[in-house]
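Just so it is clear, none of the values below were taken in a lab; they were calculated from the coordinates. Remember, it's a predicted structure, so these values are computed and weren't measured experimentally. Methodologically, a virtual Cβ is constructed for each residue, glycine included, from the backbone with ideal geometry; neighbour enumeration extends over all protein chains shown.
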Amino acid sequence: MLNPQLNKHGALQHLLTIDGLPREILSTILDTAAPFTEVAEREVKKLPLLRGKSVFNLFFENSTRTRTTFEIAAKRLSADVINLNISTSSASKGESLLDTVDNLCAMQADMFVVRHAMSGAPFLMAKHLADTGQEHIHVINAGDGRHAHPTQGLLDMYTIRHYKKDFTRLVVAIVGDVLHSRVARSQISALTTLGVPEVRVIGPKTLIPAAVDRLGVRVFHDMRAGLKDVDVVMMLRLQNERMKGALLPSPQEFFKYYGLTADKLACARADAIVMHPGPMNRGVEIDSAVADGRHAVILPQVTFGIAVRMAVMSMLAGS
Amino acid sequence: MLLPDAERLCAALADSVRPDVHPDTALIGIHTGGVWVADRLHAALGLKTPLGSLDVSFYRDDFSRSGLHAQLKKSDMPFAVEDCPIIIVDDVLYTGRTIRAAMNEIFDYGRPARIDLAVLIDRGGRELPVCPRWTAQTLEVGAGKNLQLERSEAGVLTLRLVDA
């Protein structure tokens, strides 16, 4: 089957998921992002690549960091950015997703950045654009349900490469609520595609998806054992809002067994880096002393996220 | 077609630029060949201001047709552009579009005192009103050909004619 993200020339047309993207494309995105990091240091933080283009931020779920960094990325590329607050828009009056898309296309949209609670919503949009002969309009998935959050996965890879250089010698642990995490799925796809030899997931049985080992990861329920000699610790947020039923006794108990403290981090390599996609629940999945400590690269992740999103938008617009 | 010796052209270019450089003059090379030439000029002229370099890919006017090129380089401007006399250095001047892109990029760092242009080869074929102040050599090159500057592992510069 053709990859719906690629055009007939094999170039990136949409960014919907990291699954199925070849290593060359992931590496090209990371390589392309590198020169964009320098733009933030200029007097005029603007490049003309998306001049005259309209980027619609369609966030059907709340987000501050992701929406803001996409907005900054698009504005630094000189695009016109339109933020739709869906909770007060036509969707809440019953308009379907595809009717919303058709209306925005009639307003000459060039790119959609979409976040949706339903897994697959960005795929549906991309398919609809193809079916209606509007392949020139691009879709970027900014997080769909439990499925994928590809730009978060890519900015995490950029951060790892920045600090660790070579993916092929690393041991990486993803810790916490893997079950509800679209970030974890994108991270696992990206890490395995880029050649990381050992990816571990660490968490309680109730928050680790069944058969996750089929994705090529090692599962640990004991955090200290899972962190032994790792180079990169990728913490996940405990997603209380997605939990139905009693998966955890209490946040306090979760912190006791799976919260990242200096004591547990000492099991990792001395030069390990600690990442978190935000927003952090301090005292639940991560201790403040670690979040603000010398191993943490959590704020650089945010800064790199802008460059990675600029790279993705530029590659799509130029495809 | 017999091509001129690139190293000799670099030395000639340095000689023609030398009388006009100011103590604060800054050189900016355009990736990739222009940076090599600028590096030669910087050493020959003994300039104090560190060498700048630009990858103009983000400012090219053919982005919407051909997208981003692979192998992007970081632009590096290790001096304050504001009020600085600048010489843009490139290997081969053709349509002038690269120089237009470079000037746009420079202005995003500040307002320079002036901008001049030094090139190793002017091959004609201009599509924009761009005129170099110093040219080491003019050369007729057919439209179907590209003139490229190459650098050997030992660091020696040579010119090569390839199909466009």
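Quick look at the values:
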| item | result |
| --- | --- |
| Chain A: angle of helix A:65-76 to the longest principal axis, Cα-based, in degrees nearest 10 | 50 degrees |
| CD proxy at 222 nm, helix term only [per DSSP H run n ≥ 4: -39500 (n - 2.57); per residue of chain A; nearest 500] | -10500 deg cm²/dmol |
| Over the range A:1-94, equivalent-ellipsoid semi-axes from the Cα gyration tensor in Å | 25, 22, 12 |
| Sites B:Val156 and B:Asp15 - FRET efficiency at Förster radius 22 Å, r taken between beta-carbons, to 0.05 | 0.65 |
| Candidates A:Gly143, A:Gly133, A:Gly153, ranked by Gaussian network fluctuation over chain A, Cα under 10 Å, top entry | A:Gly133 |
| Proxy reagent accessibility, fewest Cβ within 10 Å first, across A:Glu61, B:Glu150 | B:Glu150, A:Glu61 |
| Full-stretch length increase - A:Asn103, A:Glu198 - with 0.36 nm per residue and alpha-carbon distance subtracted | 29.6 nm |
| Square roots of five times the Cα gyration tensor eigenvalues for the range B:88-148, Å | 23, 12, 9 |
| Members of A:Lys45/A:Lys75; A:Lys8/A:Lys75; A:Lys53/A:Lys93; B:Lys74/B:Lys145; A:Lys8/B:Lys74 lying beyond 18 Å, as alpha-carbon distances in this model show | A:Lys8/A:Lys75; A:Lys53/A:Lys93; B:Lys74/B:Lys145; A:Lys8/B:Lys74 |
| Two-decimal log10 I(q)/I(0) for chain B, as the Debye equation yields it once each C-alpha is a single scatterer, q = 0.11, 0.15, 0.16, 0.20 Å⁻¹ | -0.42, -0.80, -0.92, -1.46 |
| Along principal axes, Cα extents of chain A, largest first, whole Å | 55, 44, 41 |
| D_trans [Stokes-Einstein, Kirkwood Rh over alpha-carbon pairs] for the range A:150-297, 25 °C, 0.890 mPa s, µm² s⁻¹ | 163 µm²/s |
| Angle between chain A longest axis and helix A:298-317 axis [Cα atoms, degrees, rounded to 10] | 30 degrees |
| Coil-residue trypsin sites (Lys or Arg not before Pro) of the range B:97-164, DSSP, other Cβ within 10 Å capped at 15 | B:Arg126, B:Arg133 |
| Whole-Hz couplings from phi, Karplus 6.51/-1.76/1.60, listed for the range A:248-262; x for Gly and Pro | 9, x, 6, x, 5, 5, 4, 4, 4, 9, 10, x, 7, 10, 4 |
| Net charge of Cβ neighbours under 13 Å - reference A:Gly216; Lys, Arg +1; Asp, Glu -1 | +1 |
| Highest-MSF residue in chain B out of B:Pro129, B:Pro112, B:Pro50 [GNM, Cα springs under 10 Å] | B:Pro129 |
| Extension gain from A:Arg65 to A:Val44, taking 0.36 nm per residue of separation minus the Cα-Cα distance | 5.3 nm |
| With 5 Å bins from 0: P(r) over the range B:1-45, alpha-carbon pairs, percent | 5, 20, 30, 24, 13, 5, 2, 1 |
| Net length gained if the chain between B:Ala70 and B:Ala43 were fully extended (0.36 nm per residue, minus Cα distance) | 6.7 nm |
| Lys pairs under 20 Å by Cα in the range A:150-297, provided they are eight or more residues apart or on distinct chains | 8 |
| Kirkwood hydrodynamic radius (C-alpha pairs) into Stokes-Einstein, the range A:98-195, 10 °C and 1.306 mPa s, D in µm²/s | 106 µm²/s |
